[in-house]
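Below is one structure, written out as structure tokens, with a few remarks after it.
Every number here is computed from the coordinates shown, using simple stated rules; none is lab data. Nothing here was measured: the structure is a model prediction, and the numbers come from that model. Neighbour counts are summed over all protein chains in view; Cβ atoms, including those assigned to glycine, are modelled from backbone coordinates with ideal geometry.
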Amino acid sequence: MPADLSEERTVHAWDLTKEPSQCQDEEWPDGWCARAGAVGLSAFTNLADQELGIHLVSFPDEQSAAQAFKTRDKSDDMGRYPGPAGEPVYTLDLVAPRDYLLWTGRGTTFRQGTVIGRIEYAWKPGTHVPADRLSAVTRMVIQRIDEKERGLNPTASAH
């Protein structure tokens, strides 16, 4: 993770055969949860003015993931740009949660292989946010998923 977001807030993964409700708790669509195998969450902060959340849901095969990605909620989509593997990555304007009304944010949603991911980045107004921060973290996550799916240790990073 970038140095100014190095404080780990939480990292969890859930096997949905043992904890099926966790998928809905992580706010993935019910139709996806019925087919998904696992969900994960990693969140990072600098404890002052920035937070980053990485939300992942995995499916048993690429076809299931591709079909789910096509049916995602597109109401917040702002546009798209190609991911590292040529997959489209959609940018989102985030709605600030009730306890962060003074914060703003952006996000992305993507599919890489059998995984759909959502990355949410929020910051307080006036915070210096590098222009490529969201795309750099998105590239790193997509590369890590690709490395893992090819049987490699995930080593991609965003600095």
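A few points about this structure:
- Eligible aspartates and glutamates near residue 18 by straight Cα distance, threshold 20 Å, same-chain separation 8 or greater: 26, 27, 30, 61
- Relative packing of peptides 58-71, 11-24 - highest average C-beta neighbours within 10 Å first: 58-71, 11-24
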